[in-house]
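Asks: Have a look at this one before I ask anything.
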């Protein structure tokens with residue numbers, strides 16, 4: 001029997017072109033977010049709508065510098081998620097990890113995290129777009145669209161992951 005020190009490192013799933021594509025898409029969402037924020041910052045007035053109620057009505061104004069919060073947060077989140085996706089052996093799983101399912105579960109979980117990194121970028125793009133659009137036009141859109149989009153981007157991939165993971169037992 002091997003002691004903990006003598007155990008081999010956990011296997012890592014092969015990094016495929018699909019994984020590379022997911023990472024590139026996550027980084028692309030980050031780049032688009034920064035480009036949108038910088039261009040909007042240059043063209044918008046000093047004070048812009050920064051908060052919206054559930055109906056989408058503006059209920060708070062602030063500095064246009066607020067536009068930079070989204071790209072800064074996503075600059076921290078996406079690289080952290082992509083880094084984390086490279087260590088699937090530290091995740092918690094809803095199924096027992098066995099030598100037979102280990103690589104498949106690790107690959108699926110790593111891809112799920114990469115996909116969620118893209119989702120995080122898209123969610124922040126939607127929020128930034130709403131702020132920019134309302135600052136330029138003075139009109140707002142229903143928050144229902146944003147809320148439904150955020151819920152769909154968050155939960156649909158999670159449900160798909162859970163179904164596939166349970167089938168890979």
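A short reminder: the numbers here are calculations on the coordinates, not readings from a lab. Please read all numbers here as calculations on a predicted model, not as lab measurements. Here the Cβ positions follow ideal geometry from the backbone for every residue, glycine too, while neighbour counts run over all protein chains shown.
Asks: Taking 8 Å as the Cα distance limit and 6 or more residues as the minimum spacing, I'd like the relative contact order of region 44-124 as a percentage.
Replies: 27
Asks: Along each of its three principal axes, how wide is the spread of alpha-carbon positions in region 17-167, in whole angstrom units, largest first?
Replies: Here the Cα extents, ordered largest to smallest, are 59, 28, 22 Å.
Asks: Hey, what angle do you get for helix 69-84 against the long axis of the chain, alpha-carbon based, 0 to 90 degrees rounded to 10?
Replies: Rounded to the nearest ten degrees, it is 10.
Asks: Still on this structure, I have one more. Normalised radius of gyration for region 1-98, please: alpha carbon Rg relative to 2.2 N^0.38 Å, two decimal places.
Replies: Taking the Cα Rg and dividing by 2.2 N^0.38 Å, one obtains 1.67.
Asks: Then there's this: Any chance you could give the angle, 0 to 90 degrees and rounded to 10, that helix 17-43 forms with the longest Cα principal axis of the chain?
Replies: 20
Asks: Further, regarding this structure: Pairs of alpha-carbon atoms within less than 8 angstrom and 6+ residues apart define the contacts here; what relative contact order does region 17-167 have, in percent?
Replies: Contact order relative to length: 32 percent.
Asks: Further question: Output the 0 to 90 degree angle, nearest 10, between the alpha-carbon long axis of helix 102-137 and the longest principal axis computed from the alpha carbons of the chain.
Replies: Taking the Cα atoms of the chain, the angle to 102-137 is about 0 degrees.
Asks: Taking the mean number of other Cβ atoms within 10 Å as a proxy for protection, how do you rank 84-90, 158-164 from highest to lowest?
Replies: 84-90, 158-164
Asks: Assuming a ≥ b ≥ c are the square roots of the Cα gyration tensor eigenvalues, decide whether region 111-156 counts as rounded (a/c under 1.5), prolate (otherwise, with a/b larger than b/c) or oblate.
Replies: Oblate is the answer for region 111-156, as a/c is 1.5 or above yet b/c matches or exceeds a/b.
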